[in-house]
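Readers should treat all values here as calculations from the given coordinates under stated rules, not as data from a laboratory. Because the structure is predicted, anything quoted here is derived from the model rather than measured. Ideal geometry is used to build each Cβ from the backbone, glycine not excepted, and the neighbour counts take in all protein chains shown.
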């Protein structure tokens with residue numbers, strides 16, 4: 001029976017249809033995403049070093065770099081869909097990378113609350129990072145464990161199913177965490193709006209900056225959430241299920257969603273607008 005254990009290249013006995021994805025990954029699309037995430041990763045590191053905003057740089061830079069590594073794995077699979085190492089590289093990196101982007105979103109929300117008025121938040125700003133990033137780490141551990149089990153399973157389909165279930169649990173936990181965070185953030189913004197326009201000159205962030213950083217934050221939040229929701233049915237059908245074998249859906253609902261989210265958090269980088277994140281040469285508003 002054809003499997004990653006017994007096949008090392010496409011042959012009549014090891015057809016591409018028998019691989020987990022059942023296709024040669026699109027070369028042009030995957031090169032585009034690899035290059036795109038490479039540029040974003042470099043930009044994130046550059047901005048982080050310039051402003052010395054180390055925590056947000058670690059979260060967003062790591063997420064973009066892992067996406068880059070994942071798409072490199074898919075490029076290698078275009079040449080040989082039976083490349084087991086490339087398959088493991090892309091499945092682990094592309095499953096885990098959005099967790100780092102979500103951590104960047106939670107961290108940014110904390111600093112938005114600090115800028116607009118912590119008194120309007122049900123939670124203290126520091127709890128947004130303690131609680132939600134801790135949950136994010138829990139999701140990361142579950143997904144990493146599931147990815148590790150799946151990567152080690154080779155042709156053991158029972159073990160593959162175990163790894164799949166663990167990954168699904170991790171992603172579902174991530175969706176639940178983001179949903180709770182979204183509800184609390186919405187309540188905060190409604191309270192800020194209810195309190196009246198106020199005077200932004202008395203705060204650490206101007207009105208134009210508020211709209212820009214909120215656009216980047218909210219846009220990135222929904223793109224990551226869409227990707228996570230897509231991943232649940234994609235993984236729930238088991239390895240090699242019909243949804244998993246539709247590359248167009250994957251490139252749009254996973255690759256494009258995360259690409260747009262990281263782009264928003266790069267073009268409207270939190271360090272540009274939130275002085276509390278800055279420790280470098282641009283530490284003042």
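Secondary-structure-derived ellipticity at 222 nm for the chain, considering helices only, amounts to -23500 deg cm²/dmol, per-run term -39500 (n - 2.57) for DSSP H runs with n ≥ 4.
Among 102, 176, 264, the largest mean-square fluctuation in a Gaussian network model of the chain, built with springs joining Cα atoms closer than 10 Å, belongs to 176. What the Cβ-Cβ distance of residue 11 and residue 39 gives, at R0 = 25 Å and to the nearest 0.05, is a FRET efficiency of 0.10. Projecting label points 7 angstrom from Cα along Cα→Cβ for residue 215 and residue 54 puts them 3.3 nm apart. Under a GNM of the chain (C-alpha, springs under 10 Å), which listed residue has the highest mean-square fluctuation: 183, 210, 47? So, out of 183, 210, 47, the one fluctuating most is 183. In the range 38-143, the alpha-carbon atoms span a convex hull of 99 Å³ per residue. Measuring r between the beta carbons of residue 32 and residue 249 and using R0 = 22 Å, the FRET efficiency lands at 0.85. Placing R0 at 41 angstrom, the Cβ-Cβ distance between residue 241 and residue 127 gives a FRET efficiency of 0.60 after rounding to 0.05.
Can you give me the angle between helix 54-79 and the longest principal axis of the chain, using Cα atoms only, in degrees from 0 to 90, rounded to the nearest 10? Once rounded, the angle reads 20 degrees. Panel note: the C-alpha atoms of the chain, placed on their principal axes, show extents of 71, 32, 26 Å (largest first). Inter-label distance, residue 183 to residue 208: 3.8 nm, where each label sits 7 Å from its Cα along the C-beta direction. Of the residues 141, 175, 95, the one that moves most in a GNM of the chain with alpha-carbon contacts below 10 Å is 141. Full extension of the chain between residue 134 and residue 120 yields a length gain of 2.8 nm, computed as 0.36 nm times the residue separation minus the alpha carbon distance.
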